[in-house]
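Written below as structure tokens is the structure these notes are about.
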Amino acid sequence: MRLEKRNAASPLALVLAPFGAIGFTLVVSSLLVLWAGAPVGPTWGHLLRGGFGSVFAWTETLTRATPLVLTGLAATVAFKARLFNIGAEGQLYAGALAAVAVGGLHGGEGLGLPAVLLFPLMVLAAAAAGALLLLGPALMKARLGVDEVVTTLLLNFIVLLGVSALLDGPMKDPTAMGWPQSVALQPELELGRLVEGARVHTGLLAAAALGVALWALLKFTTFGFDIRALGANARAAAFAGVPVTRTVMGVALLSGALAGLAGAVEVAGRTGYVTLDMSPGYGYSGIVIAMLAGLHPLGVLAAAVFVAGVLVGADSMSRAIGVPNYIADVIVAASLLSVLVAALLAQYRIRWR
Amino acid sequence: MTDLYDILANPAFWVAVLRIATPLILGTLGVLLCERAGVLNLGIEGIMVAGAFTGWLAVYAGAPLWAGVAVAAGCGLLFGLLHAWLTVGLALSQHVAGLGITLLATSLSYYGYRVSFPKVNTPPTIQPFQPMEQLDIPVLQAQTPLTLLALLLVPLVAWVLYRTPVGLALRMVGENPQAAESQGASVLALRTGAIAAGSALMGVAGAFLTLSAFNSFYFNMVNGRGWICVALVVFASWRPGKALLGALLFAFFDALQLRLQQAGDALLPYQVYLMLPYLLSILALVLVARRAAYPKALMKPYRKGER
């Protein structure tokens, strides 16, 4: 068996590829539903309704999609430059902690600054915390050639343990009845609701705007061109005068900042404080979303809504029918792999010889 | 410092070191085989979860312990074949394919566990491997047969890599696939074989957790051990002997932090001790990075006729 590059990507294959991927994912996950002894049709019905079937379902899905857009963008910009940032989970927690450190009620009064000043300060601190966390692995990659995948992965564990230590110690909320929970954010820093009585908040608009901004940055600026050149062929890019180290550092700062913002948005929009389980793996899901979107910032918006809908829908389906909600992770993983294969087959043909 | 002496003089400490090292030895050998053939396998974390789950489930269903080990190896082998198809057959990004497999294997295992035991709060247990008391070797007699297997696999893998034609061809494929192909070796077959065998070892590494170290399957029980194996391979400069050394050294510090934590002097929050294994892994990567002898073709997809 060998692969042969098609002269031009076949238009038919390009159209069929996503459907093939969806079909494959559906077959695999349907078999798993049957294994659980549940009827396939009603299970999918519950999942779809739970994720997208009502105004309430949509508000929940969009609430869940908000941090996923940001971590998805973080992975997108990094992967574009072949900086494999797998550390968005840790960067998210770093951002969340920084947000509470700046905008939290420590002993009731906080920093004593007006909210107009405090809000941008909080956002900046979260972005900076995430960015600085990725700078170490990026420097180690650029200066020492240490593979960033492993360092960023390991940093996730270190950060989470660090957060745990802080929530047990200096940042613990003394009024939280012993729960490891940070001090609360000042109420005037919390993001406004988009729909009365639902959890979806203005962070969604900010995340979407950042998606458009990142798209424009990649498409229209020199920095964006450098990123794309670096991703296409690092050696050729260096030869053509792209400042490689500087671009990688810039990408690291940008990617880490986006993931850090995801943490701030979660704190200011949803939880109000930091807990150890505030992210059910948003950082890792962001990687999947970036790949599903083909590393396109606008595609990330759609992919994040899809993944969020599957997660929310699976939770509601699980309550209704009792098929374990881990099916959502299987669906996401299977669609990732099948989308990758489908995208490849649209560009290459297989020759069996 | 008498505390430290007490810890080191206690044989139980060294028993723990070898026990902690066992899954790391197996996993590191698995990653090493894949990478020597030129393929990064980040599926390891998920494959270990799948091996831990399927091996345990087989024994829970009544299979003998060694059959459970075989099931775990077979399960790892299947995920290895998937990884090989994606990365060698289709030449997809090795990073992404590996992470995808980790996600798939982990979620499938958790799903399977929940389907098999819908309303169970305390995980059901099995009768795990027992220590080899018939052996008359101090630390080793407190270990289970899987530890002995891991120790024996180190020279075996080294022998295959350095003393057999297959090993030579495999290393060549990892250094220069074009050259290997021109010598008549099949890059596809060699890489697929190496990934399948390596992934089978990762499956066994996971099974050690459920069939030897514990007697049950828990969520998050692999807890980053797979990623640590990936770091250990760099530390070991892709050599089986050094992989054993690295795993033991690493387990030494892990066992030490456990003891220090239990001693309860609490100089630092307990989380700082738990961070040590991960910090050590990063430190090891940084220290070795400059003279790391990466297999030259690692992470480079190979397509016939394409450069």
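Could you list all residues from the stretch A:197-212 that are part of a helix (DSSP H, G or I) and in contact with a helix residue (DSSP H, G or I) (Cβ under 8 Å, 6 or more places away or on another chain)?
A:Gly203, A:Leu204, A:Ala206, A:Ala207, A:Ala208, A:Leu210, A:Gly211, A:Val212
Determine whether the stretch B:121-144 contains at least one residue that is in a helix (DSSP H, G or I), more than 14 Å from every other protein chain (Cβ to nearest Cβ) and free of Cβ contacts under 8 Å to residues at least 60 places away in the same chain.
yes
Which ones in the stretch A:307-325 are open to solvent by 50 Å² or more (accessible area, probe 1.4 Å) and either at pLDDT 95 or above or of a type in the set (A, V, I, L, M) (or both)? Steps first, answer last, please.
Going residue by residue through the stretch A:307-325, those that are open to solvent by 50 Å² or more (accessible area, probe 1.4 Å) are A:319-322, A:325.
Listed by number, the residues that qualify are A:Ala320, A:Ile321.
When both residues are 6+ apart or on different chains and their Cβ atoms are under 9 Å apart, which pairs have a first residue that lies in the stretch A:305-317 and is over 18 Å from A:Leu26 (Cβ atoms), and a second that is open to solvent by less than 10 Å² (accessible area, probe 1.4 Å) and hydroxyl-bearing (Ser, Thr, Tyr)?
From the stretch A:305-317, the pairs are A:Val305/A:Thr61; A:Ala308/A:Thr61; A:Ala308/A:Thr63; A:Ala308/A:Thr66; A:Val312/A:Thr61; A:Val312/A:Thr63.
If I go through the stretch A:135-149 residue by residue, how many of them are within 7 Å of chain B (Cβ to nearest Cβ) and open to solvent by 10 Å² or more (accessible area, probe 1.4 Å)?
Count: 3.
Kindly indicate whether B:Leu170 is open to solvent by 20 Å² or more (accessible area, probe 1.4 Å) and closer than 21 Å to B:Leu40 by Cβ.
Taking the combined requirement at face value, the residue does not satisfy it.
A:Leu97: part of a helix (DSSP H, G or I), hydrophobic (A, V, I, L, M, F, W, C) and over 20 Å from A:Ala268 (Cβ atoms), yes or no?
No; evaluated as a whole, the condition is false for this residue.
Which helices (runs of 4 or more DSSP H) sit wholly inside the stretch B:191-307 and have at least 1 residues that are free of Cβ contacts under 8 Å to residues at least 24 places away in the same chain?
Here the list reads B:240-263, B:270-289.
One line per residue, one yes/no per condition, for (1) of a type outside the set (A, V, I, L, M, F, W, C); (2) within 12 Å of chain A (Cβ to nearest Cβ); (3) not in a helix (DSSP H, G or I):
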site: B:Glu35; (1), (2), (3): yes, yes, no
site: B:Gly46; (1), (2), (3): yes, yes, no
site: B:Ala52; (1), (2), (3): no, no, no
site: B:Leu81; (1), (2), (3): no, no, no
site: B:Leu86; (1), (2), (3): no, yes, no
site: B:Ala91; (1), (2), (3): no, yes, yes
site: B:Thr102; (1), (2), (3): yes, yes, no
site: B:Ser107; (1), (2), (3): yes, yes, no
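Please work out which one of (1) over 20 Å from B:Leu86 (Cα atoms); (2) charged (D, E, K, R); (3) more than 16 Å from the chain's Cα centre (by Cα); (4) within 14 Å of chain B (Cβ to nearest Cβ) is the condition A:Asp277 fails and give its number.
Of (1) over 20 Å from B:Leu86 (Cα atoms); (2) charged (D, E, K, R); (3) more than 16 Å from the chain's Cα centre (by Cα); (4) within 14 Å of chain B (Cβ to nearest Cβ), only one is false for A:Asp277: (3).
Check A:Ile22, A:Ile86 and return the single one that is among the aliphatic types (A, V, I, L, M) and more than 14 Å from chain B (Cβ to nearest Cβ).
Residue meeting the stated conditions: A:Ile22.
Let's see how each residue does on (1) closer than 23 Å to B:Ser281 by Cβ; (2) touching an Asp or Glu at 6+ places or on another chain (Cβ under 9 Å):
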| residue | (1), (2) |
| --- | --- |
| A:Leu111 | no, no |
| A:Leu117 | no, no |
| A:Leu135 | yes, no |
| A:Ala138 | yes, yes |
| A:Val159 | yes, yes |
| A:Met171 | no, no |
| A:Gly178 | no, no |
| A:Glu188 | no, no |
| A:Val195 | no, no |
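Within the stretch A:159-189, work out how many residues are in a loop (DSSP other than H, G, I, E, B), surrounded by fewer than 18 Cβ atoms within 10 Å (Cβ to Cβ) and not aromatic (Phe, Trp, Tyr).
7
Looking at the stretch A:238-261, is at least one residue within 14 Å of chain B (Cβ to nearest Cβ) and without any contact (Cβ under 8 Å) to a residue 12 or more places away in the chain?
First, the residues of the stretch A:238-261 that are within 14 Å of chain B (Cβ to nearest Cβ): none.
No - not one qualifying residue is present in the stretch A:238-261.
Inside the stretch A:267-300, can you point out the residues that are of a type in the set (A, V, I, L, M, F, W, C), open to solvent by 30 Å² or more (accessible area, probe 1.4 Å) and farther than 24 Å from A:Ala232 by Cβ?
Across the stretch A:267-300, the qualifying residue is only A:Leu276.
Within the stretch A:33-46, which residues are within 10 Å of chain B (Cβ to nearest Cβ) and open to solvent by less than 20 Å² (accessible area, probe 1.4 Å)?
Of everything in the stretch A:33-46, those that are within 10 Å of chain B (Cβ to nearest Cβ) and open to solvent by less than 20 Å² (accessible area, probe 1.4 Å) turn out to be A:Val33, A:Ala38.
Restrict the check to the stretch B:239-252 and report whether at least one residue is under 20 Å from the mean Cα position of the chain (by Cα), under 21 Å from B:Ile101 (Cα atoms) and of a type outside the set (Asp, Glu).
Checked the stretch B:239-252: no residue is under 20 Å from the mean Cα position of the chain (by Cα), under 21 Å from B:Ile101 (Cα atoms) and of a type outside the set (Asp, Glu).
Across the stretch B:184-224, what is the number of residues that are within 14 Å of another protein chain (Cβ to nearest Cβ) and either open to solvent by less than 30 Å² (accessible area, probe 1.4 Å) or touching a Pro at 6+ places or on another chain (Cβ under 7 Å) (or both)?
Matching residues across the stretch B:184-224 total 5.
Of these, A:Leu113, A:Leu132, which one is more than 24 Å from B:Ala293 (Cβ to Cβ), open to solvent by 10 Å² or more (accessible area, probe 1.4 Å), without any contact (Cβ under 8 Å) to a residue 24 or more places away in the chain and more than 14 Å from every other protein chain (Cβ to nearest Cβ)? Please lay out each step first, then the result.
Working: A:Leu132 fails: without any contact (Cβ under 8 Å) to a residue 24 or more places away in the chain.
Step by step, each of A:Leu113, A:Leu132 is checked, and only A:Leu113 is more than 24 Å from B:Ala293 (Cβ to Cβ), open to solvent by 10 Å² or more (accessible area, probe 1.4 Å), without any contact (Cβ under 8 Å) to a residue 24 or more places away in the chain and more than 14 Å from every other protein chain (Cβ to nearest Cβ).
Could you count how many residues in the stretch B:36-87 are open to solvent by 10 Å² or more (accessible area, probe 1.4 Å), among the aromatic types (Phe, Trp, Tyr) and over 16 Å from the mean Cα position of the chain (by Cα)?
Qualifying residue count, the stretch B:36-87: 3.
Does A:Leu97 qualify as being under 25 Å from A:Val248 (Cβ atoms), modelled with pLDDT of 90 or more and surrounded by 23 or more Cβ atoms within 10 Å (Cβ to Cβ)?
On the way: under 25 Å from A:Val248 (Cβ atoms): no; modelled with pLDDT of 90 or more: yes; surrounded by 23 or more Cβ atoms within 10 Å (Cβ to Cβ): yes.
Judged against the criteria, A:Leu97 is not a match.
Just one of (1) over 16 Å from A:Ala75 (Cβ atoms); (2) open to solvent by 30 Å² or more (accessible area, probe 1.4 Å); (3) not in a loop (DSSP other than H, G, I, E, B); (4) not small (Gly, Ala, Ser) trips up A:Asp226, so point out which.
Unmet for A:Asp226, out of (1) over 16 Å from A:Ala75 (Cβ atoms); (2) open to solvent by 30 Å² or more (accessible area, probe 1.4 Å); (3) not in a loop (DSSP other than H, G, I, E, B); (4) not small (Gly, Ala, Ser): (2).
Within the stretch A:111-126, does at least one residue satisfy the condition of being of a type in the set (Phe, Trp, Tyr) and either under 22 Å from the mean Cα position of the chain (by Cα) or assigned to a loop (DSSP other than H, G, I, E, B) (or both)? Break it down stepwise before answering.
Restricting attention to the stretch A:111-126, the residues satisfying the condition of being of a type in the set (Phe, Trp, Tyr) are A:119.
Applying the additional criterion that residues be either under 22 Å from the mean Cα position of the chain (by Cα) or assigned to a loop (DSSP other than H, G, I, E, B) (or both) yields none.
No - not one qualifying residue is present in the stretch A:111-126.
Is there any pair with a first residue in the stretch A:43-55 that is within 18 Å of A:Val200 (Cα to Cα) and hydroxyl-bearing (Ser, Thr, Tyr) and a second that is open to solvent by 50 Å² or more (accessible area, probe 1.4 Å) and in a helix (DSSP H, G or I) whose Cβ atoms are under 8 Å apart and which are 6 or more apart or on different chains, and what are they?
Sorted first by the residue in the stretch A:43-55, then by its partner, the list stays empty.
Have a look at A:Thr66, A:Thr61, A:Thr71 and point out the one that is out of contact with any Phe, Trp or Tyr (no Cβ under 8 Å at 6 or more places or on another chain), touching a residue at least 12 places away in the same chain (Cβ under 8 Å) and in a helix (DSSP H, G or I).
A:Thr66
The values are calculated or read from the model by the stated rules, or taken from the named source; none is laboratory data. The structure presented is a predicted model; accordingly, all values stated were derived computationally and were not measured. When we count neighbours, we look across all protein chains shown, and the Cβ atoms used for this are built from the backbone with ideal geometry, even at glycine. We work out accessible area using only protein heavy atoms, side chains counted, and drop any ligands, DNA or RNA first. Shrake-Rupley method; radii C 1.70, N 1.55, O 1.52, S 1.80 Å.
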